[in-house]
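Data first, discussion second: the structure below is written as structure tokens.
The values are calculated or read from the model by the stated rules, or taken from the named source; none is laboratory data. Just so we're clear, the structure is a prediction, and the values are computed from it rather than from any experiment. Don't worry about glycine lacking a Cβ; one is built from the backbone with ideal geometry, like all the others, and counts go over all protein chains shown. Remember, those area values only see protein heavy atoms, side chains included, never the ligands or the DNA or RNA. Shrake-Rupley method; radii C 1.70, N 1.55, O 1.52, S 1.80 Å.
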Amino acid sequence: MMKLRRSRPALLILTLIGTSAIAGEAPEGPDLGQAAGARMIADWDTDIMPDGAGLPEGRGTARDGAALYRTHCISCHGEGGLGDSGDQLAGARMSLTGEWPEKTIGTFWPWATTLFDFIRRAKPPQSPGSLSNDEVYALTAYLLSLNGIVGADEEMNAEMLPRVKMPNRDGFIDAWAREKAATRR
Amino acid sequence: MSDQPVARLADAAGAVAGNGILDRRLLLRQGLVFGAMAWLPPGAAAGQAGSPRVPGSSRPPWMREPGREFSPYGVPARFEQETARFPAPNRVQRNNGASWTPLHLLEGTITPNGLHFERHHNGVPDIDPGGHELLIHGLVNRALAFSVPDLLRYPLESRTCFIECGGNSNAGWNRIPSRSQAGFFHGLVSNSEWTGVPLGVLLHEAGVKPGAKWVVAEGADAFAMHVSIPLAKLQDDALLALYQNGERLRPENGYPMRLVLPGWEGVVNVKWMRRLELTDQPVMARNETARYTDLMPDGTARMFSFVMEVKSLITSPSSGMVLKGGPGLYQVTGLAWSGRGRIRRVEISADNGRTWADAELQEPVLPKAFARFRIPWRWSGAPAVLKSRATDETGNVQPERRELIAQRGRHGFYHYNGIVNWSVDENGVLGHVYDEVAAQQTGTPDIDADWD
């Protein structure tokens with residue numbers, strides 16, 4: 001909040017010109033934002049949280065996803081997700097402590113929800129945002145099954161996806177939490 | 001090897017560390033002339049344009065004809081075309097990848113806007129500011145949308161700071177020393193004066209609800225790049241930047257608005273900002289889990305490792321250059337920076353780290369910004385290894401590469417800040433070596449030959 005105090009003189013002048021200044025409780029800035037409605041927020045916010053919050057309706061299985069993968073993904077990510085010009089997505093042989101660790105969805109990704117979120121927001125690169133929710137569920141299921149995490153006929157949907165426990169779920173250390181703890185000490 | 005300095009400096013004067021490192025205060029002396037650096041192999045006809053005299057005239061051609069007219073937007077001299085970024089796109093997805101700042105061709109501390117490094121995941125969006133808004137929502141009292149013209153009416157603040165990609169210098173983890181020029185190895189870092197609205201002001205207007213701890217920031221590019229940022233950072237020194245070195249942001253640096261989080265890794269300085277969602281937890285985005293996390297030797301990975309630690313680099317002379325004038329006096333210069341605050345000192349060694357001396361720091365030294373250092377060096381003509389080692393105001397010291405690897409292993413990929421060795425051979429040719437080779441070349445004791 002120090003920053004606010006430092007810039008207050010300038011802010012006050014603007015406030016006086018722009019809007020009516022109310023002593024004490026007045027907004028510190030010129031307050032030029034427009035109220036954003038629920039519809040705008042619902043349309044813009046596509047985040048999927050690790051507990052599954054934000055997951056839309058829809059469903060898909062690895063069997064459905066295999067064909068989609070051939071059409072939209074294989075050109076860059078290769079047969080079986082083994083990687084090409086795009087990242088390796090599956091088929092790791094080297095563990096994370098090996099000489100050449102292979103960081104894939106199966107060996108590295110901590111949350112299955114991330115996969116849905118990422119495919120929906122960014123894939124395929126030539127036409128992001130073009131896949132339906134069913135298609136994203138199916139591709140998610142396919143990539144999880146390539147990594148041996150779900151079965152070929154297991155349906156992924158808003159209820160099942162957050163329940164998928166990724167092999168490396170506990171593999172991360174929160175450096176920011178450690179940093180804060182260290183400075184507090 | 002006999003010492004035949006071309007320098008106009010009193011013999012043996014001012015030596016403060018081994019192998020010819022001289023007192024930085026000599027920089028203030030008048031008449032100090034440094035040897036020139038050239039590229040190996042020599043680049044395009046440099047030096048040819050030296051004295052284009054016409055017999056009988058003392059006037060060069062450009063004094064015998066009128067110069068060109070005004071230009072609405074200036075561009076660099078046509079003789080400086082090689083001062084350019086080095087793009088390294090993905091083989092198939094050509095708009096995904098990075099381009100490096102040519103740090104070895106620049107001086108001072110500010111990176112020209114056209115040379116700021118780039119990292120895009122699906123290209124540079126062509127955003128019409130008239131159709132762009134910033135939405136702040138989530139755990140706030142009132143969700144707000146801001147237009148670009150409205151944000152431009154806010155009281156603005158400037159911060160001069162570096163932005164460094166978390167993956168900068170990652171070739172340093174490789175077993176074989178990179179042979180790239182300094183900027184094309186370490187140039188995913190740039191330094192600008194950013195001007196914009198302090199994020200704290202906008203968050204205050206929206207009204208932060210209790211329980212909000214994180215902010216999910218999202219860009220308006222074709223990757224819809226998003227990451228989680230601790231709310232405390234946005235309320236501390238973060239800017240919603242609208243201007244870069246005085247002009248509106250360049251498209252490749254986030255036009256019309258981007259986050260600038262001084263000292264924190266590039267990926268969280270989200271470009272093309274469109275949405276800030278206050279939450280009680282991180283979203284666990286792909287770019288804070290699968291990428292931009294640092295794999296450690298025990299197989300765990302550090303996540304949310306935001307701060308870019310203290311680092312320095314000699315930009316000249318550096319790998320690929322040659323000390324053209326032969327043995328003699330040279331200026332050693334470079335950049336130092338730390339995500340934790342000001343650079344307090346930069347030490348230089350010419351004998352592979354056996355002895356060190358303090359370089360001169362160009363004033364002002366700003367927090368979380370590039371500091372330019374300089375020191376004179378008399379090259380004897382014998383092989384040498386040049387190193388720079390930075391210390392920041394919190395007392396953190398840039399580690400030797402072997403120390404970094406002992407701590408982090410070799411597969412962290414991100415956050416490489418080890419000391420860089422530039423070797424100089426008997427022909428004055430600069431290269432890049434790791435410690436064990438440096439030790440052989442200079443006859444200095446190798447501290448631990450088996451570490452790599």
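Distance between the C-alpha centres of the range B:15-34 and the range B:386-426: 25 Å, rounded to the whole angstrom. In this structure, the amide hydrogen of residue B:419, modeled 1.01 Å from its nitrogen in the peptide plane, lies closer than 5 angstrom to those of B:400, B:401, counting only residues at least 5 positions away or on a different chain.
Taking 0.36 nm per residue of sequence separation and removing the Cα-Cα distance, the residue B:25/residue B:80 pair yields an extension gain of 16.7 nm. What separates the Cα centres of the range B:270-305 and the range A:24-100 is a distance of 13 Å. Amide H contacts under 5 Å for residue A:59: A:134, restricted to partners 5 or more places along the chain or on a different chain, H placed in the peptide plane at 1.01 Å from N. Measure out, as a whole number of angstrom, how far apart the alpha-carbon centroids of the range B:180-205 and the range B:96-123 sit. Going from one Cα centre to the other spans 11 Å. What the Kirkwood sum gives for the range A:54-112 is a hydrodynamic radius of 12.9 Å, with every pair of different alpha carbons counted.
The modelled label-to-label distance for the pair residue B:33/residue B:382, using points 7 Å beyond Cα in the direction of Cβ, is 2.7 nm.
As a size descriptor, the averaged projected area of the C-alpha convex hull of chain B was calculated at 25.5 nm².
Within the assembled protein chains, the solvent-accessible surface assigned to residue B:414 is about 10 Å², based on a 1.4 Å probe. Determine the shape class of the range B:173-310: with a ≥ b ≥ c the square roots of the Cα gyration tensor eigenvalues, call it rounded for a/c under 1.5, and otherwise prolate if a/b is greater than b/c, oblate otherwise. In terms of gyration-tensor shape, oblate.
Just the number, please: Stokes-Einstein D of the range B:311-442 in µm²/s, Kirkwood Rh from C-alpha pairs, 10 °C, 1.306 mPa s. In µm²/s, the coefficient is 105. With the whole protein complex present, residue B:34 retains an accessible surface near 60 Å², based on a 1.4 Å probe. For the range A:52-112, the list of GluC sites (Glu not before Pro) that fall in a loop by DSSP and count at most 14 other C-beta atoms within 10 angstrom reads A:57, A:99. For chain B, relative contact order (Cα pairs under 8 Å, six or more residues apart, normalised by length) works out to 19 percent.
A convex hull fitted around the alpha carbon atoms of the range B:287-356 yields 165 Å³ per residue. Loop-located GluC sites (Glu not before Pro) across the range B:164-212 with a Cβ neighbour count of 10 or fewer within 10 Å are lacking, with loop assigned by DSSP.
For the range B:113-235, the orientation-averaged shadow of the C-alpha convex hull comes to 9.9 nm² (one quarter of the hull surface). Considering only beta bridges that DSSP places wholly inside the range B:311-442, some 95 percent are antiparallel. Here each label is just a point 7 Å from Cα along the line to Cβ, and for residue B:141 and residue A:182 those points are 3.7 nm apart. With the cut-off at 20 Å, tell me which of the pairs A:103/B:271; A:123/B:233; B:311/B:387; A:180/B:311 have Cα atoms farther apart than that. Result: A:103/B:271; A:123/B:233; A:180/B:311 exceed 20 Å. The residues neighbouring residue B:341, those whose beta-carbon lies less than 9 Å from its own, together hold a net charge of +2 under the Lys/Arg +1, Asp/Glu -1 convention.
The mean count of C-beta atoms from other chains within 10 Å of the C-beta of residues in B:137-145, rounded to a whole number, is 4. Annotation: aspartates and glutamates with alpha-carbon distance below 13 angstrom to residue B:209 (same-chain offsets under eight excluded): B:277, B:280. Would you mind estimating how fast the range A:55-170 diffuses translationally, via Stokes-Einstein at 20 °C and 1.002 mPa s with the Kirkwood radius over Cα pairs, in µm²/s? Answer from the Stokes-Einstein relation: 153 µm²/s.
Among the protein heavy atoms, those of residue B:231 account for about 10 Å² of accessible surface (1.4 Å probe, every chain in place). Ranked by the mean number of other Cβ atoms within 10 Å per residue, highest first, peptides A:168-177, B:62-71 order as A:168-177, B:62-71.
Over the C-alpha atoms of the protein assembly as shown, the Rg to Rh ratio, Rh being the Kirkwood estimate, stands at 1.00.
Between chain A and chain B, the total buried accessible area stands at approximately 5300 Å², from heavy atoms with a 1.4 Å probe.
Computed over the protein assembly as shown, the per-residue total of -39500 (n - 2.57) for DSSP H runs of n ≥ 4 gives a 222 nm mean residue ellipticity of -4500 deg cm²/dmol, rounded to 500.
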